[in-house]
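To keep things clear, I will list the structure first and then write my remarks on it.
The values are calculated or read from the model by the stated rules, or taken from the named source; none is laboratory data. Keep in mind the model is a prediction, meaning the values are calculated, not measured. Because the Cβ atoms are built from the backbone with ideal geometry, glycine has one as well, and the counts that use them run over all protein chains shown. Accessible surface is based on the protein model in full, side chains and every heavy atom, while ligands, DNA and RNA are left aside. Shrake-Rupley method; radii C 1.70, N 1.55, O 1.52, S 1.80 Å.
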Amino acid sequence: MAGFLSLFRRLEGPQTLGRGPAFWALFALVLAGALAYPLFSDGYTVGNTVYFFVWVFIALSLSLIWGYGGSLSFGQTAFFGIAGYGYGILTINFGAAYGFTWIALLLAVGMAALVAALLGYFMFFGRIAGVFLGIVTLAVTLMLERFMAQTAGPEWRIGAARLNGFNGMSAMPPLTIPWFGGPIVLFADVGLYYVVLAMLVLVYLGLRILMNSAFGNVIVAIRENPERAEMLGYDIRKYQLITFVIGAALAGLSGVLYTVWGQYITPSSMGMTAASLPLIWVAVGGRSDLTATIIGTLAVLSGFQALTIYGSQYALVFMGVLLVLTVLIAPNGLVLGVINWITKLVTRRKSEAA
Amino acid sequence: MALLQLRDVNKHFGGLHVTNSVNLVLEQGEIHCLIGPNGAGKSTLFRLILGEHHPGSGQIYFAGEDITTLKSFARIRRGLSVKFQVPGVFKGLSVRQNLEIALQSRLHGAALDQEIERLLAFLNLEAEQAQLAGNLSHGQKQWLEIGMAIALKPRLLLLDEPTAGMSPEETHMTGEMVRRLNAAGMTVLAIEHDMAFVRQVAQRVTVLHLGQVFAQGSIDEIVADERVAAIYLGQAHA
Ligand SMILES: Nc1ncnc2c1ncn2[C@@H]1O[C@H](COP(=O)(O)OP(=O)(O)O)[C@@H](O)[C@H]1O
Ligand SMILES: [Mg+2]
């Protein structure tokens, strides 16, 4: 019981912005707004919002590995793809009955984690770090994209599931909850919205606890100075590997939810563009903080979608400009910069009033 | 009993013979100073002891165990600890968190907080505890890293130029601290240029020159040794 309570205390700490009653009141307010939002909107728009939420998990995975851990990984989209395809292959073969879609979700995420464990073992225990880690993960991602792209022929099938090359895999069943009056199928609508929102809240709070724990301390210590961290007796390879695997699982969750949302996944979800976009969201938001990452990701994604109406090429150029601006003005992230600026103003106001 | 023993340790960097058949015995409970001109191979010897470099030949024993092939973190867990020449504090984290990370594998909860407070007071960093370690002065960074090194409660503390950048008073305080830790049972091996500090703490001194053990003895014997004076003078002329 005491151990359980101490978990709650870890919701706040040096590794995460936001503490005290004011922050949690704001959190509750935002959550209440998110819960009430479908009541004031239509199913289509709500479904569209789910699409934004889907990407937050992969953004959080990058925040974890890159922002907190200090290792830039281009491999997140590979894990996204592995889990997405994994879900498709499993559910197309075994269907959606008896709640199997949920087992498929877990298995697919587990698959991404397993691949990350193998790749991560090779990288971290081989002491590959810095730029080389970026290169290796990018190579794996692009290789996977190339491989999936050439699977158009009918011989590329796993059981009933055709891989379908560049056209991608489709028609996998959505998440389905078995129910007495007949199964509840979660199409991209209000039902899926609540499920994904619940996952988002759990993952966000879970990561806050993890990063403010002793484990999180070691992760940021490795980012700051790996040699010093090792010289305090930490086997840093183990910590890096675990972080990488957790990150891969989160990216995989994004992949499954993406596939579930559109009942569709293609190799381009692992391509160069797909691999760089999450980097931009996370860099713009503020990679070293979970909250800033979420706000940044949602803001940039909405902006991106608004611009896409005028043509996706403009939107991509805008992304590039945004990244350059961030690097020049607020290298730690625009959202994080603004939050820190407001915090400073408020504390100054308070100390002046005192 | 020998706590640390180096047997015929050799290390080459390309054609450079940085550590040349070094034999060194550190007795349990002593304060031992390692001196020698710049480039003599003192820091390299520390990195060999810590497992950051691996010797081309020779063995390293710690508390009777051959640790020559052990990984660094495993050596630390057996009771070694180090303060590097260039302070490697976690610059982007607060002073307090730096200490917490050093202490957390040994202490938890209230005991952890108490020990952090004690160390902050001991290091004279109470006022700076919320600051980022990167914003400390050079001397304060040295103190903080010494604090992190002793937080592990090591059996053998390695200090690489602990007083560099400190004022004479601070140097003296550091010396007193080392003696107090030693009195409590900690064995210390310190690389130091400041002869006042060496005189203050050292029970035995080893002179390293061109990667070789050049002389060994009490501080008075070393200071009286004309050959030792010559290598320092030689360097001054070079
Ligand atoms: N990683 C390295 N690679 C190549 N040469 C090195 C390396 N580290 C130290 N050296 C060289 O080894 C010699 C001894 O260096 P060091 O052990 O730092 O000396 P000291 O600490 O006694 O001043 C110097 O000539 C230095 O340039
Ligand atoms: Mg040196």
Problem set entry | Filter result for residue B:37 (within 16 Å of ligand 1 (Cβ to nearest atom), touching a Leu at 6+ places or on another chain (Cβ under 9 Å) and closer than 15 Å to residue B:6 by Cα) | no
Problem set entry | Count of residues meeting criterion [open to solvent by 20 Å² or more (accessible area, probe 1.4 Å), among the aromatic types (Phe, Trp, Tyr) and either farther than 19 Å from residue A:240 by Cα or within 17 Å of the chain's Cα centre (by Cα) (or both)] in the stretch A:86-121 | 4
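For (1) assigned to a helix (DSSP H, G or I); (2) among the β-branched types (Val, Ile, Thr); (3) open to solvent by 50 Å² or more (accessible area, probe 1.4 Å); (4) under 16 Å from residue A:80 (Cα atoms), each residue gets a yes or a no:
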| site | (1), (2), (3), (4) |
| --- | --- |
| A:138 | yes, no, no, yes |
| A:143 | yes, no, yes, yes |
| A:152 | no, no, yes, no |
| A:174 | no, no, no, no |
| A:179 | no, no, yes, no |
| A:182 | no, no, no, no |
| A:197 | yes, no, no, no |
Problem set entry | Matching residues, the stretch A:222-236, being within 9 Å of chain B (Cβ to nearest Cβ) and part of a helix (DSSP H, G or I) | A:223, A:224, A:227, A:228, A:229, A:230, A:236
For this session: Just give me the residues in the stretch B:1-55 being more than 16 Å from ligand 2 (Cβ to nearest atom) and assigned to a loop (DSSP other than H, G, I, E, B), in sequence order.
Result: B:1, B:14, B:15, B:28, B:29, B:30, B:51, B:54, B:55
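Condition check ((1) open to solvent by less than 40 Å² (accessible area, probe 1.4 Å); (2) in contact with a helix residue (DSSP H, G or I) (Cβ under 7 Å, 6 or more places away or on another chain)) across all residues:
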{"position": "B:45", "(1), (2)": "yes, no"}
{"position": "B:48", "(1), (2)": "yes, no"}
{"position": "B:67", "(1), (2)": "yes, yes"}
{"position": "B:74", "(1), (2)": "yes, no"}
{"position": "B:77", "(1), (2)": "no, no"}
{"position": "B:80", "(1), (2)": "yes, yes"}
Problem set entry | Of all residues making up the stretch B:102-125, the number that are free of Cβ contacts under 8 Å to residues at least 24 places away in the same chain and either in a helix (DSSP H, G or I) or over 25 Å from residue A:70 (Cα atoms) (or both) | 13
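When you scan the stretch A:154-172, how many residues do you find that are in a loop (DSSP other than H, G, I, E, B) and either surrounded by 13 or more Cβ atoms within 10 Å (Cβ to Cβ) or among the aromatic types (Phe, Trp, Tyr) (or both)?
5
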For this session: Would you please name the residue that is nearest to ligand 2 (Cβ to nearest atom), looking only at residues in the stretch B:97-108 that are facing another protein chain (nearest Cβ under 8 Å) and modelled with pLDDT of 95 or more?
Result: B:102
For this session: Return only the number of the condition from (1) away from ligand 2 (no atom under 16 Å from the Cβ); (2) closer than 30 Å to residue A:219 by Cα; (3) part of a strand (DSSP E or B) that residue B:61 does not satisfy.
Result: (2)
Problem set entry | Residue among B:10, B:20, B:38 that is over 21 Å from residue B:217 (Cα atoms), in contact (Cβ under 8 Å) with a residue 40 or more places away in the chain, open to solvent by 20 Å² or more (accessible area, probe 1.4 Å) and polar (S, T, N, Q) | B:10
Exercise. Name the residues in the stretch A:208-221 that are open to solvent by 10 Å² or more (accessible area, probe 1.4 Å) and either more than 8 Å from chain B (Cβ to nearest Cβ) or in contact with a Phe, Trp or Tyr (Cβ under 9 Å, 6 or more places away or on another chain) (or both), would you?
Worked result: A:209, A:210, A:213, A:215
For this session: Exactly one condition in (1) open to solvent by 50 Å² or more (accessible area, probe 1.4 Å); (2) outside any helix (DSSP H, G or I) is not met by residue A:44; state its number.
Result: (2)
For this session: Being in contact with a Leu (Cβ under 6 Å, 6 or more places away or on another chain) and away from every other protein chain (no Cβ under 14 Å) is the filter here, so list the residues in the stretch B:42-53 that pass it.
Result: B:42
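Kindly evaluate residue B:164 against the criterion of being touching a residue at least 24 places away in the same chain (Cβ under 8 Å) and either out of contact with any helix residue (DSSP H, G or I) (no Cβ under 6 Å at 6 or more places or on another chain) or within 14 Å of chain A (Cβ to nearest Cβ) (or both).
Spelling it out, residue B:164 is indeed touching a residue at least 24 places away in the same chain (Cβ under 8 Å) and either out of contact with any helix residue (DSSP H, G or I) (no Cβ under 6 Å at 6 or more places or on another chain) or within 14 Å of chain A (Cβ to nearest Cβ) (or both).
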Exercise. So which strands (runs of 3 or more DSSP E) stay within the stretch B:126-238 end to end and still have 3 or more residues that are out of contact with any Phe, Trp or Tyr (no Cβ under 9 Å at 6 or more places or on another chain) and more than 16 Å from ligand 2 (Cβ to nearest atom)?
Worked result: B:212-217
Exercise. Cβ-Cβ below 7 Å, separation at least six or inter-chain, first residue in the stretch B:186-208 and more than 14 Å from chain A (Cβ to nearest Cβ), second of a type in the set (Asp, Glu) and within 13 Å of ligand 1 (Cβ to nearest atom): which pairs?
Worked result: B:191/B:160; B:191/B:161; B:192/B:161; B:193/B:161; B:198/B:192
Problem set entry | Criterion (open to solvent by 20 Å² or more (accessible area, probe 1.4 Å), without any contact (Cβ under 8 Å) to a residue 60 or more places away in the chain and within 14 Å of another protein chain (Cβ to nearest Cβ)) met by exactly one of B:15, B:56, B:92 | B:92
